[in-house]
There are 2 protein chains.
Amino acid sequence: MVKTIICSVGTSAAKKLGVKPNELLNWVNEKNSMEDAVECLFSTFRNLVSEDQNLKSSLSAEIHSLVRIGITNEDQIVLLSSNTNDGYCCALAVKKYLEYYWKGIGVLVKKIPGLQVYDAETFRKTGVVEFVKFILKQVESYDASNIILNPTGGYKALVPYTVLLGMLKGIKCDYIFEQSTTLLELPPLPLEFKRGQFEAYKPLFEEIDRESSISLEKWQNSVDYLERKWFDPLVEISSEGVTLSALGFLFWEEIRKPSALVPFLSRNAIADCFDNLALLDNCDPFRFLSRVAGSKLAFSQAEHLNMGNGLRWLKPGNTTDRYLVSIEDWRLLVWRAIREDQEGSKYSNKIKIDDPEADRRSYSPFIRMEFVN
Amino acid sequence: MVKTIICSVGTSAAKKLGVKPNELLNWVNEKNSMEDAVECLFSTFRNLVSEDQNLKSSLSAEIHSLVRIGITNEDQIVLLSSNTNDGYCCALAVKKYLEYYWKGIGVLVKKIPGLQVYDAETFRKTGVVEFVKFILKQVESYDASNIILNPTGGYKALVPYTVLLGMLKGIKCDYIFEQSTTLLELPPLPLEFKRGQFEAYKPLFEEIDRESSISLEKWQNSVDYLERKWFDPLVEISSEGVTLSALGFLFWEEIRKPSALVPFLSRNAIADCFDNLALLDNCDPFRFLSRVAGSKLAFSQAEHLNMGNGLRWLKPGNTTDRYLVSIEDWRLLVWRAIREDQEGSKYSNKIKIDDPEADRRSYSPFIRMEFVN
């Protein structure tokens, strides 16, 4: 399987150079060009093959961890470097090494704006935001299950964000444990964030995302004082206005492009499911709805009739149960759940919702499908 | 407010000693005693007051971050050291420094079994498990809102666990951003883990926790093949058997001692709330139930009648709504929600559940109280 491995990159590629860490930037800047610097740095470890002792003591943290992850010529490696010449030079030298030993491998180096160690505010307001945004864009292009996040190299301060991103997007993190040779794997955990709380402020976040920022005044007028503490981590507040923080972007992304839908049942569908369908021997409406909510493919395979007004009838397979559903942001709304053997083959003519907006009142509330008997 | 700050501790306290990091262990071991080593190490930074330049370049990462967090003589500092003499020596020297400059401050040094960098398996199976367990014990003794987790010092590999623990327990993480002087704050995010999925395996986890491990065979027979991938991060599997991983402990703790309850409504209570109570002008049953589920204090203040069989009537205040509830692990089960002005002052005699176990069938399912209109 072709993997995409996204690595934060530090300066450990320079460890054979014999230049002190705090003098590395000068060393790079004194070279005629970045190309020269990269070539010179690369030459200090080009001939070190990736076997145990070299990995542990001479090669960079990124190369060490990538070898332990088991990369092949067919993989894609994304190296995220700081916005400083020393970090960028190290990332480019690592790229050269990977291309030299794994012919044909794809390596992308991306310098992240604002990612540096001198100014914490810029780090927080730009660096880590751009870091998260860039990874999210990569996640969109590939399937989460083919991606690995690798925070072995680079700033320790990026680790919390990498871990959270992995958890929310269902991506595993693999990293090398300090001086050891063993890979630590942090698979995605069954975590979810409480989106309901966020919901009321959706238009506000939409506006911040669209306009890049809103005024402090608008923020204060829109967000209830008691709720501000809860929101603190999601925004960056300065005299220039309110912008989304790295965590804010992560959350906003999960609202807009949910990794999975969550089923919500109308009052009618609750009665349908518990009092009718669940009594059938070979029918588990809850398992079916969980499955289609969790996978776009399963949803599209189950789609039977598109009513054209946002509502669709789903059909699990060769069974009698049918589900009238719609998608609203991250929610799969289940309006009805019926039996074709009871309603007849023309059930979609019989059970109709002509105007979902107007008819909604008689179906709502839609309650989250999570229960205990 | 008195704070408890829990810090992972590394070896940066030795930076003024002039001994290379990989020779520090030998240096400590060659001293006559640990006491001698600590005294000698402490003397290299005892006279450095905690002002900007010293913090940045001469004092340890732990001292730097604690000063930025703003500790006072009244705080409690918990220093978690590796299970190696060099790490332990550094932690004890940091303790001396803190006690020297903050008279009366409480400093606890705890050496964590298995926490070291030489053997990744021991790190994973013992070190990080003991690290998480020890912090959880501290969290029990204090209120989460008075605790700060500080992963500035110590192994980078501990950061993901510290962050997850903070998120699940609602504890903020504060840390210093590399060479900068600014504190980064990572407040707890509104995350929750999907406990429902875990539920079916509760007895199994109970057994692992009680017996420390179960046989591989028992594990394989008890956990459905398809679910094993999901469970992977929660256990450590070796030839000796199956034990809980650090993440497994975290989750198990949240099942056993939930930070907050989640309200679930019976079918009857759904009708009660939506069709009756919610129609009243001055009554918001959902806000009330969320509030008592989220706070033990609020719950006990609202408790009006204890029926003695696990069921309790709650009363919000000077209003007419009354709620018949019970607690089941992390769930607040709401059996009924009634109006005293309709049922009369003897409502608890009129609406009775004599045998909750036997009568449960006519109330179930209890459905999670999360909905959209």
* To do: Starting from the amide H of residue A:109, placed 1.01 Å from N in the peptide plane, find each other amide H under 5 Å away whose residue is 5 or more places distant or on another chain.
  => A:79
* Once Rh is set to the Kirkwood radius over Cα pairs, what Stokes-Einstein translational diffusion coefficient, in µm²/s, holds for the stretch B:262-371 at a temperature of 20 °C and a viscosity of 1.002 mPa s? -> 155
* Asked: Considering only DSSP states other than H, G, I, E and B, which trypsin sites (Lys or Arg not before Pro) in the stretch A:171-231 qualify as loop sites with at most 16 other Cβ atoms within 10 Å?
  -> A:194
* **Under the Debye formula (equal points on every Cα, no solvent term), log10 I(q)/I(0) of the stretch A:131-204 at q = 0.26 Å⁻¹** => -1.25
* Name the residues of the stretch A:338-373, by number, that are at least 40 Å² less accessible with every protein chain in place than in the isolated chain; the surface is that of heavy atoms, probe 1.4 Å, without ligands or nucleic acids. => A:365, A:367, A:368, A:370, A:372, A:373
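Would you work out if the stretch A:315-373 is rounded, prolate or oblate? Take a ≥ b ≥ c from the square roots of the eigenvalues of the alpha-carbon gyration tensor; rounded if a/c is under 1.5, else prolate when a/b is larger than b/c, oblate otherwise. Walk me through the intermediate numbers first.
On the way: a/c = 1.97, a/b = 1.22, b/c = 1.61.
Here the stretch A:315-373 falls in the oblate category.
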* With each label point set 7 Å from Cα along the Cα-Cβ vector, what nm distance links residue A:278 and residue A:220? -> 5.0
* To do: Return the whole-Å distance between the Cα centroid of the stretch B:202-259 and the Cα centroid of the stretch A:1-42.
  => 43
* To do: Would you mind checking the pairs A:133/A:194; B:111/B:133; A:169/B:125; A:172/B:194; A:16/A:96 and listing those with alpha carbons more than 19 angstrom apart?
  => A:133/A:194; A:169/B:125
* With the Cα gyration tensor of the stretch B:28-128 in hand, give its eigenvalues times 5 under a square root as the equivalent ellipsoid semi-axes, listed largest first in whole angstrom. => 24, 17, 13
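Computing the accessible area with a 1.4 Å probe over protein heavy atoms, can you report the carbon and sulfur percentage for the stretch A:4-186?
Working: 3120 of 7110 Å².
The value for the stretch A:4-186 is 44 percent carbon and sulfur by accessible area.
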* Asked: What list of ³J(HN,Hα) couplings, whole Hz, do you get for the stretch A:7-18 from phi and the Karplus terms 6.51, -1.76, 1.60, once you set θ to phi - 60° and write x for glycine and proline?
  -> 10, 7, 10, x, 10, 6, 5, 8, 5, 8, 7, x
* Per-residue ³J(HN,Hα) for the stretch A:336-342, Karplus 6.51 cos²θ - 1.76 cosθ + 1.60, θ = phi - 60°, Hz, x for Gly and Pro -> 9, 9, 10, 10, 5, 5, 9
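Give the average over all directions of the projected area of the C-alpha convex hull of the protein assembly as shown, one decimal, in nm².
On the way: hull surface 148.6 nm².
Its average projected convex-hull area is 37.1 nm².
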* Asked: Relative to the first principal axis of the alpha-carbon coordinates of chain A, what is the inclination of helix A:85-101, with its axis defined by its Cα atoms, in degrees from 0 to 90 and to the nearest 10?
  -> 80
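Using a 1.4 Å probe, what is the accessible area per residue for the stretch B:4-186, in Å²? Display every interim value, and only then the final one.
Values: 7110 Å² over 183 residues.
In whole numbers, the stretch B:4-186 has 39 Å² accessible per residue.
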* **Nearest 10 degrees, 0 to 90: helix B:159-169 Cα axis against chain B principal axis** => 30
* Sites matching chymotrypsin sites (Phe, Trp or Tyr not before Pro) across the stretch A:181-231 that sit in DSSP coil, with at most 14 neighbouring C-beta atoms within 10 Å -> none
* Asked: Round to a whole number: what % of the accessible area of the stretch A:195-256 belongs to carbon and sulfur, probe 1.4 Å?
  -> 45
* Asked: Summed for both chains, how many Å² of accessible area, to the nearest 100, are buried between A and B with a 1.4 Å probe?
  -> 5500
* Asked: Which parts of the stretch A:262-301, residue by residue, lose 10 Å² or more of accessible area when the rest of the protein chains are there, as against the chain isolated (1.4 Å probe)?
  -> A:264, A:267, A:270, A:274, A:275
* Residues losing 10 Å² or more accessible surface upon assembly, the stretch A:110-144, compared with the chain by itself, 1.4 Å -> A:117, A:120, A:123, A:124
* Between the label point of residue A:343 and that of the same position in each other copy, find the distances and list them shortest first in nm, with every label point placed 7 Å from Cα along the Cα-to-C-beta direction. => 3.6
* Asked: How large is the charge dipole for the stretch B:195-256, taken about the Cα centre, if only the Cβ atoms of Lys, Arg (+1) and Asp, Glu (-1) carry charge, to the nearest 20 debye?
  -> 120
* To do: Give the accessible area for residue B:64 in Å² (nearest 10); use a 1.4 Å probe, count only protein heavy atoms, and leave out ligands, DNA and RNA.
  => 10
* To do: Between copies, how far apart are the residue A:207 label points? List them in nm, one decimal, shortest first, with each point 7 Å from Cα toward Cβ, please?
  => 5.7
* If you plug each phi of the stretch A:113-125 into the Karplus form 6.51 cos²θ - 1.76 cosθ + 1.60 with θ = phi - 60°, what whole-Hz ³J(HN,Hα) values come out, in order, with x for Gly and Pro? -> x, x, 8, 6, 10, 8, 10, 5, 5, 5, 4, 6, 7
* Asked: If you put a point 7 Å past Cα along the Cβ direction, how far is that point for residue A:239 from the same point in each other copy, in nm, smallest first?
  -> 6.7
* Roughly what % of DSSP beta bridges within the protein assembly as shown run antiparallel, to the nearest 5? -> 60
* Asked: In percent, how large is the relative contact order of chain A, given Cα pairs closer than 8 Å and 6 or more residues apart?
  -> 13
* Structure fact -> Taking Cα atoms only, helix A:128-141 is inclined relative to the longest principal axis of chain A by an angle, in degrees rounded to 10, of 60
* **C-alpha center-to-center spacing [the stretch B:153-200, the stretch A:302-321] in angstrom** => 42
* Per residue accessible area in Å² of the stretch B:224-336, where ligands, DNA and RNA are left out and the probe is 1.4 Å -> 44
* Asked: residue A:328's amide H: which non-local residues (gap 5+, or another chain) put their own amide H closer than 5 Å, with H modeled 1.01 Å from N in plane and none for Pro or chain starts?
  -> A:333
* Long-range amide H contacts for residue A:148: which residues qualify at under 5 Å (H placed 1.01 Å from N, peptide plane, sequence gap of 5 or more or a different chain)? -> A:4, A:5, A:6
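Which whole number gives the average count of other chain Cβ atoms within 10 Å of the Cβ atoms across peptide B:230-236?
On the way: counts 4, 2, 3, 7, 3, 0, 0.
Going residue by residue through B:230-236 and averaging, the value is 3.
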* Please state the charge dipole magnitude for the stretch B:92-238, taken about the Cα centre, from unit charges on C-beta atoms (+1 on K and R, -1 on D and E), reported in debye and rounded to the nearest 20. => 480
* Give the peptides A:260-273, A:80-93 in descending order of average Cβ contacts within 10 Å, highest first. => A:80-93, A:260-273
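Pull up the DSSP beta bridges for chain A and report the antiparallel fraction as a percent, rounded to 5. Display every interim value, and only then the final one.
Values: 25 of 46 bridges.
The answer is about 55 percent antiparallel.
The values are calculated or read from the model by the stated rules, or taken from the named source; none is laboratory data. Remember, it's a predicted structure, so these values are computed and weren't measured experimentally. Using ideal geometry, Cβ is built from the backbone for each residue, glycine included, and neighbour counts are taken over all protein chains shown. Only protein heavy atoms, including side chains, enter the accessible area calculation; ligands, DNA and RNA are left aside. Shrake-Rupley method; radii C 1.70, N 1.55, O 1.52, S 1.80 Å.
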